[in-house]
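Only one structure is covered here, and it is reproduced in the block below.
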Amino acid sequence: MSPDDTPALSPNPPESPETASESPRRTIRSFVVRAGRMGSGQVKALEELGPRFVLPFTPHQVLDTTTAFGRQAPVVLEIGFGMGHATAEIAKTRPDTDFLGVEVHPPGVGALLKRIDEGQLSNLRILQHDAVEVLEQMIAPASLAGVHVFFPDPWHKKKHHKRRLIQAPLVALLASRLAPGGVLHCATDWQPYAEQMLEVLSAEPLLANTAEGYAPRPDYRPITKFETRGIRLGHGVWDLVFRRLA
């Protein structure tokens, strides 16, 4: 199975008739472009550390993780790491695993680069590109030990639900990139989205739930400040941990 031999991804729904006529074949993306200010420390991190830790997007060229990390180790890919707090903490507590963070927003990339430098983390690399294209074109089938998707945008309004990241086409793609026994771990603090995640993940034939419904939070996933605040306000958090079948 080649890197391009993957389930087809459905196009995003058009936002207006004008959009539909201009780009009828626009493909799904794993992100929404948002403006964000970069602090001087983030800019400096991008300039000084980017060449070492930010990998280039190479279309239709499978990533050689042994070369990228300088060793052979299990690789976990994270989609949308935000400002990188959880990513850096997990990499610190699991030094025998390599982590590839995929994020498009420069402030988040700069922030994680700072954390890499402060923690002297050698097992973290970043790809600043759309995760769907990274998965389709740079990640070999059955090569990942795990995939993390923590607190993706819930798109609360019903008319926006089709923009949610965790949908059947992407889950099929993620499952195809996991090695047998590899784990797909999603988390959300929005119950309707958790319910949709559970439905979509349970319907993927290559995946099996590791729990009866939602899973206890694995020890390796740290509780973020945002999550702590939500819990204090009575909000729930739902973890879903599915394993790739042989």
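The values are calculated or read from the model by the stated rules, or taken from the named source; none is laboratory data. In this text, all values refer to a predicted model and were calculated from it rather than measured experimentally. Neighbour counts are summed over all protein chains in view; Cβ atoms, including those assigned to glycine, are modelled from backbone coordinates with ideal geometry. Ligands, DNA and RNA are excluded from the accessible area calculation, which covers all protein heavy atoms including side chains. Shrake-Rupley method; radii C 1.70, N 1.55, O 1.52, S 1.80 Å.
Evaluated against (1) surrounded by 12 or more Cβ atoms within 10 Å (Cβ to Cβ); (2) under 23 Å from Ser143 (Cβ atoms), Pro180 falls short on exactly one condition, (1). The set of residues in region 210-238 that are open to solvent by less than 50 Å² (accessible area, probe 1.4 Å), of a type outside the set (A, V, I, L, M, F, W, C) and either part of a strand (DSSP E or B) or at pLDDT 90 or above (or both) comprises Gly213, Pro218, Arg221, Pro222, Gly236. From the list Glu78, Glu103, Glu118, Glu89, the lone residue that is surrounded by fewer than 16 Cβ atoms within 10 Å (Cβ to Cβ), at pLDDT 95 or above and either in contact with a Leu (Cβ under 7 Å, 6 or more places away or on another chain) or within 20 Å of Thr224 (Cα to Cα) (or both) is Glu118.
Exactly one of (1) of a type in the set (Asp, Glu); (2) over 20 Å from Val200 (Cβ atoms); (3) crowded, with 19+ Cβ neighbours inside 10 Å is unmet by Glu133. Its number? Condition not satisfied by Glu133: (3). Scanning region 60-70 for residues that are surrounded by 10 or more Cβ atoms within 10 Å (Cβ to Cβ) and either in contact (Cβ under 8 Å) with a residue 60 or more places away in the chain or part of a helix (DSSP H, G or I) (or both) yields His60, Gln61, Val62, Leu63, Thr65, Thr66, Ala68, Phe69.
Going residue by residue through region 100-115, is there one that turns out to be part of a loop (DSSP other than H, G, I, E, B) and under 23 Å from Leu206 (Cα atoms)? Checked against the condition, which is being part of a loop (DSSP other than H, G, I, E, B) and under 23 Å from Leu206 (Cα atoms), region 100-115 yields no hits at all. Tell me yes or no: at least one residue of region 174-182 is assigned to a strand (DSSP E or B), among the hydrophobic types (A, V, I, L, M, F, W, C) and within 19 Å of the chain's Cα centre (by Cα). Taking every residue of region 174-182 in turn, at least one turns out to be assigned to a strand (DSSP E or B), among the hydrophobic types (A, V, I, L, M, F, W, C) and within 19 Å of the chain's Cα centre (by Cα). Checked against the criterion of being in contact (Cβ under 8 Å) with a residue 60 or more places away in the chain and of a type outside the set (Val, Ile, Thr), region 207-221 has at least one qualifying residue. Close Cβ contacts (under 6 Å, 6 or more residues apart or on different chains) running from residues in region 152-181 that are free of Cβ contacts under 8 Å to residues at least 40 places away in the same chain and within 20 Å of Ala194 (Cβ to Cβ) to residues that are part of a loop (DSSP other than H, G, I, E, B) and open to solvent by less than 30 Å² (accessible area, probe 1.4 Å) comprise Trp155/Arg164; Val171/Glu204. Regarding Ile166, is this residue under 30 Å from Ala68 (Cα atoms) and at pLDDT below 95? Spelling it out, it is not the case that Ile166 is under 30 Å from Ala68 (Cα atoms) and at pLDDT below 95.
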